[in-house]
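**Student:** Once you've had a glance at the structure underneath, I'll fire off some questions.
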Amino acid sequence: MEEIKSTIIQRIKTHFSDATEKEYPYNRVDFSVKKETIPAILFYLKDEMGFKHLSHISCIDWLEENEFEVVFIVWSPTDKIKVFVHTRVDRENPVMDNVDMIWRQANTYEREMREMFGIQFTGLEAPEEFLLEDWEGPPPMRRDFDTEAYATNTYWERPGREDAKDIRETIEKRSGEILPDFAKKYTR
Amino acid sequence: MQEILQYTWGALVSFVVAFTVGITYMGLNRKITARVQNRIGPPWYQNFFDVLKLGSKETSIHHGVMQHMGPAFIMVTAVMSLLIIPILNDNRFFPNLNFHGDLVFLLYIMVFGPLGMALGAGQTGNPNSAIGVTRGLSQMVGFEIPWVMALVALMIQYKTTSIVDLMNLQAETGRWLMFTSPFAFLAAVLAMLGMFRYAPFDIVGAPQELASGPMSENGGKYLFVMMSAGSVFAFAKLTLYVDLFMGGANNLIILVVKTFILYLIPMLYGIVSPRYRTEQAIRYFWGWPSLFGLLAILQAVFL
Amino acid sequence: MMINDKNSQKIVDIIQNYARKHSLWILAYGTGCGAIEIPPTMTSRYDAERLGVRGAATPRQADVLLITGYLTTKTLKRVIRVYEQMQDPKYVIGFGSCTINGGMYWDSYNTIKALDRYLPVDVFINGCMPRPEAVLAGFAKLQELIQAGKADGARKYKENLEWYRANQKKVIPNWRMPEYNW
C-alpha cells in the first residue's frame, strides 16, 4: 500500500510540476493542481495509472477567499486507492474545463455544479435546466444566497412555529415522564 | 306477446342473478386472497360498495365516441353470452335464447368484447392503454387455441353445435362430459385460466407496470360498467363450463356450488403464481393446453 | 315523492356517502419519505384493505390523493396536474409535518411549507413520519367526514379557484399547464 502510494506521488510529481500532494492514512492521496492542469492529470490518472472510476465531483464555496474549490475523486479498482484532485476556481469568473469526454458520467455532476454553484464548464453540452425548474434567483448553493430569507419571502408560512419554546419541562410535569440528566444540558 | 314478456322478464332475472353472483365471487376472491396472504381482508360484500361508489362518481372525461363505446361493447358481450347460455337444465325460470349452432356463435361473441374494448382503449391516446391492448390481444390469441380445440372436439364427438343438446345428452346418459371427453375438459379449464385474466396471466392490466392497461384512462362510470360486465361475464363463462362439462344444474344452489368450485381453479392458481410475460403466457397456452386440445380432437375423431 | 325531491336526494346522498366511505381508492403519489409508510399500511401487518382502502393505478380511477411528505415546487406542479385529472368526488390527505408547516424543510429554497394554500386538504395526519396506525386513524377520520358530507375539498377548490391559482402561480413562475374543464 505505502509503496503504491509513494509511486503514485512520484509519478504525478514528475509529470505535473504544479501538483502538491498531501498524504492521508489508509488508501487516500490528495493532490492540488491549477485548474488548467485538470484535464491532463485526469487523463493521465485514467489511462496510465488505472484510476478507471470517477467516484464523485464535488464543490466547496470558500466565500472568505473568494474562490470555489472543485474536488475530483477517482478510484483504482486494481490498487484499491482513491485519489482526490483539488483545484481552485475564481469566484467572480468561475470557468473550468469540461471533462465529460474522459468519463461520461461527469456530465451529470457538471450540470449539477453549473446549476447549484454557477460554475461554467467550457464546451459542456447539456440542457440548461437540470434539477431546478424555472429557477430565477442566484445559484442556491452559494453561501451568499440567503436561503432562509428567500424561503420566507417566497413560501407562505403557517403562523405558530416561530416560537420555538422549550416545552420539555411542561411535558415532564404533565405526563410524569422523567427526562434523563444529559438531555437537560441541551437547550434551544 | 306473452312470450316476449316472459323472455324480457327472464333476461332481467338472469342478469340480476349473474350480477349478484359474479360480484360476490369477486369479493370472495379478494377475501380469500387476503386470507392466503395472512391478512384479514375486506368483507365479502366489498365489491358491492366499490361498484356503487364507481357508479356514483362524476365523469368528465371525453376522448371521443369510441371511448364511450368500449365499455358498452363489453357489457353487450357479457349480456349476450349470458342470454345464450342456458342457466338451468329446464328453462322454466330463465327462458334463454338458445338455438342450434349457438356454440359457434358463442365462440365469436366472446372475442367481440375484448375487440371493442381495444378500440375504445385505443382512442384514449394513453400509451399504457395501447401496450395493454397489444398484450391482451396477444394473450387472447394464446388461450383461444386450446379453447376452440376443446369446443370443436365436443362438436365432432357428439355431432351437435347446440349447448342444450349437450346438456340433454348428459342428462339422458347420466355421465358428465368431463369424464367422457376428459382431454377437452382439461384443455378448456387451462384456457379458462387465461380467460379470467388473474395471475399469472394478468399482464394485460398490471397496475404496477401498465397503470392498469386498457382502462387506465377510464374511471368512474366507465369502470362501473366494466366491473359489472366483468362479473356478469365471469358468471356466464362459469355457467357455460358447468353446462358443457359438469352436466348443468337443476337449481340455483347446485349451480352456485358447481360454478364456485370451478371458479376456485383460476383463483387459487392465481394467488400462488407470479406474473407471466406475454410471450411466456403464449408459450404456456400453446404447450400443454393445446396438446390436450389436440388429443381431444383425436379422441373425438377416432374413438 | 318526486325523484328530484329534496328528501329523496338526502336518502340518495346517505347511500352514496356510505358506499364512498367504504371504498376509498388511493393514489399514493410517492413524494418525500412518507411513501415508505404506505407498504406496511397496505400489507398484512396493518391491512388497510379491511377498511376498503385499496390502491388505484391512475388518477382517473382514484378517490384519495395521498401527499406523502414534502413537496418541492417541481413536484407540486405534477401534483396539481394529477389532482385536476381526478374525478369528483375526490379527497386529499396530507401526510406529516412537512405538509402542515414545512417540517424540517421549513427554510428550504424549493419546498412549499403549507399544502392547503395550493390544494384543498381534507385530512392532515401529523407526525414525522406518521406511523401506519396514524395513517389508519387518518383514513377513519376521512370516512367520518365523508359520512357527514363534510369532505368537500373539491367543491372548495372549484369555488375558490382564483385564490388557489394565484398561490400556485406565485411559486410556479412559468405556468405552462393544460387547462382542464373537469
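**Student:** If you take the charge dipole of region C:1-137 about its Cα centre, with +1 on Lys and Arg Cβ and -1 on Asp and Glu Cβ, which of C:I93, C:G34, C:Q61 is farthest toward its positive end?
**Tutor:** Farthest along the dipole direction, towards plus: C:Q61.
**Student:** Would you please give the FRET efficiency between C:K74 and A:E2, computed as 1/(1 + (r/R0)^6) with r the Cβ-Cβ distance and R0 = 30 Å, to the nearest 0.05?
**Tutor:** Numbers: r = 48 Å, r/R0 = 1.61.
For R0 = 30 Å, the calculated efficiency reads 0.05.
**Student:** What angle do you read, to the nearest 10 degrees and between 0 and 90, between the alpha-carbon axis of helix B:46-55 and the longest principal axis of chain B?
**Tutor:** Helix B:46-55 sits roughly 60 degrees off the main axis of chain B.
**Student:** Please report the relative contact order for chain C, taking Cα pairs under 8 Å with a sequence separation of at least 6, and give it as a percent rounded to a whole number.
**Tutor:** The normalised contact order for chain C reaches 21 percent.
**Student:** With contacts defined as alpha carbon pairs under 8 Å and 6 or more residues apart, what's the relative contact order of region A:55-184 in percent?
**Tutor:** Value for region A:55-184: 15 percent.
**Student:** Grab the beta carbon distance between A:K52 and B:Q208, set R0 = 56 Å, and tell me the FRET efficiency rounded to 0.05.
**Tutor:** That pair, A:K52 with B:Q208, gives E of 0.95.
**Student:** Still on this structure, please answer the following. Taking the alpha-carbon centroid of each part, what is the distance from region B:143-221 to region C:106-121 in angstrom?
**Tutor:** About 53 Å separates the Cα centre of region B:143-221 from the one of region C:106-121.
**Student:** Within 10 Å of each Cβ in B:52-63, how many Cβ atoms from other chains are there, averaged over the peptide? Walk me through the intermediate numbers first.
**Tutor:** On the way: counts 7, 13, 6, 2, 8, 9, 6, 3, 5, 4, 1, 0.
So the per-residue partner count for this stretch is 5.
**Student:** Give the angle, between 0 and 90 degrees and rounded to the nearest 10, that separates the Cα long axis of helix B:182-196 from the longest principal axis of the Cα atoms of chain B.
**Tutor:** Tilt of helix B:182-196: around 10 degrees.
**Student:** So what's the gap between the Cα centers of region B:283-303 and region A:105-179, to the nearest angstrom?
**Tutor:** 67
**Student:** Something else: Could you pull out every one of the lysines with an alpha carbon less than 22 Å from that of A:K184, ignoring same-chain neighbours closer than 8 positions?
**Tutor:** A:K165, A:K173
**Student:** Could you tell me which of rounded, prolate or oblate describes chain A, using a ≥ b ≥ c as the square roots of the eigenvalues of the alpha-carbon gyration tensor, with rounded for a/c under 1.5 and, failing that, prolate when a/b is larger than b/c and oblate otherwise?
**Tutor:** oblate
**Student:** Moving on. Quantify how strongly other chains surround peptide C:84-96 by giving the mean number of their Cβ atoms within 10 Å of each of its Cβ atoms.
**Tutor:** Rounded to a whole number, the mean comes out at 2.
**Student:** Take peptides A:91-99, A:22-30, A:176-184 and line them up by average Cβ neighbours within 10 Å, highest first, as a rough protection proxy.
**Tutor:** In descending order of packing, they fall as A:91-99, A:22-30, A:176-184.
**Student:** Continuing with the same structure: Counting other beta carbons within 10 Å of each Cβ, put A:T14, B:T24 in order, fewest first. If you can, show how the numbers build up before the last one.
**Tutor:** Numbers: A:T14 9, B:T24 18.
Ordered from fewest to most neighbouring Cβ atoms within 10 Å, A:T14, B:T24 come out as A:T14, B:T24.
**Student:** Additional query: Mind ordering B:290-299, C:139-148, A:135-144 by average Cβ neighbours within 10 Å, highest first?
**Tutor:** The most tightly packed comes first, giving B:290-299, C:139-148, A:135-144.
**Student:** Would you order A:V71, B:V16 from fewest to most other beta-carbon atoms within 10 Å of each residue's own beta-carbon? Walk me through the numbers on the way to the answer.
**Tutor:** Working: A:V71 15, B:V16 11.
Least to most surrounded, the residues fall as B:V16, A:V71.
**Student:** Right, something else. Defining a contact as two alpha carbons under 8 Å apart and six or more residues distant in sequence, what relative contact order in percent does region B:2-302 show?
**Tutor:** On the way: 465 pairs, mean separation 86.3, N = 301.
Averaging sequence separation for qualifying contacts and normalising by length gives 29 percent for region B:2-302.
**Student:** About its Cα centre, how strong a charge dipole does chain B have in debye, to the nearest 20, once Lys and Arg get +1 and Asp and Glu get -1 at the Cβ?
**Tutor:** Numbers: 17 positive and 13 negative charges, 150 e Å.
It comes to approximately 720 debye.
**Student:** For region B:55-118 and region C:157-179, what is the separation of their C-alpha centers, rounded to whole Å?
**Tutor:** So the two Cα centres are separated by 44 Å.
**Student:** Now for a separate question. With a 10 Å radius around each residue's Cβ, average the other Cβ atoms per peptide and rank B:221-227, A:83-89, B:106-112, highest first. It would help to have the intermediate numbers written out before the result.
**Tutor:** Values: B:221-227: 21.6, A:83-89: 20.0, B:106-112: 15.3.
Put in order of decreasing packing, that is B:221-227, A:83-89, B:106-112.
**Student:** Compute the Cα gyration tensor for region C:20-171, then decide on rounded, prolate or oblate, letting a ≥ b ≥ c be the square roots of its eigenvalues: rounded whenever a/c is under 1.5, prolate when a/b is larger than b/c in the other cases, and oblate in all that remain.
**Tutor:** oblate
**Student:** Grab the beta carbon distance between A:V71 and A:E128, set R0 = 25 Å, and tell me the FRET efficiency rounded to 0.05.
**Tutor:** Working: r = 24 Å, r/R0 = 0.98.
Efficiency, from the Cβ-Cβ distance: 0.55.
**Student:** For region C:20-171, what number of Lys pairs, 8 or more residues apart or on separate chains, have alpha-carbon atoms under 22 Å from each other?
**Tutor:** For region C:20-171, qualifying lysine pairs total 28.
**Student:** If you take the square roots of the eigenvalues of the alpha-carbon gyration tensor of the protein assembly as shown and sort them as a ≥ b ≥ c, do you get rounded (a/c under 1.5), prolate (a/b over b/c) or oblate?
**Tutor:** prolate
**Student:** Here is a follow-up. Per residue of B:209-218, count partner chain C-beta atoms within 10 Å of its C-beta, then hand back the mean as an integer.
**Tutor:** Average neighbour count from other chains, rounded to a whole number: 3.
Rule-based calculations on the coordinates, nothing more; no lab input. Keep in mind that what you see is a predicted model, and the values were worked out from it rather than measured. Note that we place each Cβ from the backbone using ideal geometry, even for glycine, and neighbour counts take in every protein chain shown.
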